[in-house]
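Below is one structure, written out as structure tokens; comments come after it.
The values are calculated or read from the model by the stated rules, or taken from the named source; none is laboratory data. If you're wondering where the values come from, they're calculated on a predicted model, not measured in any experiment. Counting neighbours? That spans all protein chains shown, and the Cβs are built from the backbone with ideal geometry, glycine included.
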Amino acid sequence: MVVTCEQVWLEISNYIENDLDPSLRTAMDEHFHTCSRCASVLAGTRNIVQLYGDERMLQVPLGYSGRMQKRLAKEMPAKRGTIFGWVVAAAAVALIAGAIALSKPSSQTVQQSPLAKAGNNIPANLAVLVSEHSKIFHVAGCKFLHTNDGKIRSLTAEQAEHEGYVPCIHCLAKYLTNTAADFIKKHLWLGTSA
Amino acid sequence: MLIVDTSISVKVSPNNEETREHDLIRRIQGGERELFYELVRPHERRVYAATFAILRNPADAEDAAQEAILKAFAHMHQFRSEARFSTWLTQIAINEARMRRRKDHPEIMQPLGEHQDEEGVYTPREFPDWREIPSESLERAEVRELLTEALASLGEKYREIFVLRDVNHLSIEEVAETLGISRASVKTRLLRARLMLRDLLAPKLSGGFFSRESFQKGNKPW
């Protein structure tokens, strides 16, 4: 079997991939011995396949894997909780429920002060702070809440009022009518207890 | 950053990559989605190569590769085990890159070979001798750039096939399946891509720039 240069060029890829009929392969081998041009085509094509097939040829950009992981992480669902996690969550719910139950007014804890209801529009569920040795409740960050007034507790405005605390006329001023503020100021500064 | 929980690593023989991959896919489809990175990690470079073959720009290629992997993650439930994961992933990457190329560069000119008749005989340029480019020359950035430029100058239909077959080492059948074309078309385009690259790189060989002698001790060209 004799092959022409054109036939060799058409089959050179198959020759490299060893995907040829044995008789055609033998004929091409013989052709390469006598044709320098086709031998050069074979050498060049083989070299190209070898070079581009090398891992070093196409390098991914620096940090590619890290960035890929980061983007994937954003798409990942939050990890499912463990049994321990569920136990902790249940305990937390029980604690909150207990705290709410304890904070409910009982007939023995009423220290209602008329000052507390003195024309204020403070939201009942507003989080406020009270100190152990003071009659005034504040919002967090109020400069008139003194830490040397004893232990600080957090509760709602409604609870604070129920326990006999009165609103701070500085930090809670926006909720108080002028009359209420005057009333509180007068009675507190005079040192009278309602 | 994604934290890989080592306590849930797959316990299969390291030699059996295919079994390992099937096992990972089954577990991910069963809800262990955090294993997805473990599944795609071996294919990261291939995905990048596929998008780079089309977009020819590292930043665009990386972005498209990331998007393709995210799409694969979102559609893992649609993957059927009759297909190879690498083929499926590469298909997504190719589609993503093609879509971006059309969207971002609709005016782009088709490079060398795009409109050539692939049925006709390609006549390789005549060189009396081929001076082999040694593999160790790939350590040099300038050599890699030269080869990358040559690849980028091919038409897309040749570039895609060449990268899938000769860079990503997919089989002819896998390339055909990935691109949705016949095995014969893959072989014809692959032949032409290889011959065109040989012709493009041949002029660079003059003066023995890549010859092995250049790399002998004490005679380094850099």
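Side notes on the structure shown:
- Scanning region A:2-36 for residues that are farther than 23 Å from B:ILE172 by Cβ and surrounded by 15 or more Cβ atoms within 10 Å (Cβ to Cβ) yields A:CYS5, A:HIS31, A:PHE32, A:CYS35.
- Residue match in region B:167-181 (condition: touching a Leu at 6+ places or on another chain (Cβ under 9 Å), at pLDDT 90 or above and over 20 Å from B:TYR48 (Cα atoms)): no
- The listed residues are A:GLN50, A:GLN59, and the only one of them that is at pLDDT below 90, under 57 Å from the mean Cα position of the chain (by Cα), polar (S, T, N, Q) and closer than 30 Å to B:LEU170 by Cβ turns out to be A:GLN59.
Conditions tested, residue by residue: (1) modelled with pLDDT of 95 or more; (2) at the interface with chain A (Cβ under 10 Å from one of its Cβ atoms); (3) surrounded by 12 or more Cβ atoms within 10 Å (Cβ to Cβ); (4) in a helix (DSSP H, G or I).
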position: B:PHE36; (1), (2), (3), (4): no, yes, yes, yes
position: B:THR51; (1), (2), (3), (4): yes, no, yes, yes
position: B:ILE54; (1), (2), (3), (4): no, no, yes, yes
position: B:HIS77; (1), (2), (3), (4): no, no, no, yes
position: B:THR87; (1), (2), (3), (4): no, no, yes, yes
position: B:ILE92; (1), (2), (3), (4): yes, no, yes, yes
position: B:GLN116; (1), (2), (3), (4): no, no, yes, no
position: B:GLU132; (1), (2), (3), (4): no, yes, yes, no
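- Each residue in region A:25-66 was checked for being at the interface with chain B (Cβ under 7 Å from one of its Cβ atoms) and not in a loop (DSSP other than H, G, I, E, B), and 15 pass.
- Among the residues of region A:1-23, the ones that are in a helix (DSSP H, G or I) and more than 21 Å from B:ARG165 (Cβ to Cβ) come to 5 in all.
- Among residues of region B:160-182, those that are within 11 Å of chain A (Cβ to nearest Cβ), assigned to a helix (DSSP H, G or I) and surrounded by fewer than 24 Cβ atoms within 10 Å (Cβ to Cβ), counted: 3
- Taken over region B:127-185, the criterion of being of a type in the set (S, T, N, Q) and touching a strand residue (DSSP E or B) at 6+ places or on another chain (Cβ under 7 Å) is satisfied by B:SER153 alone.
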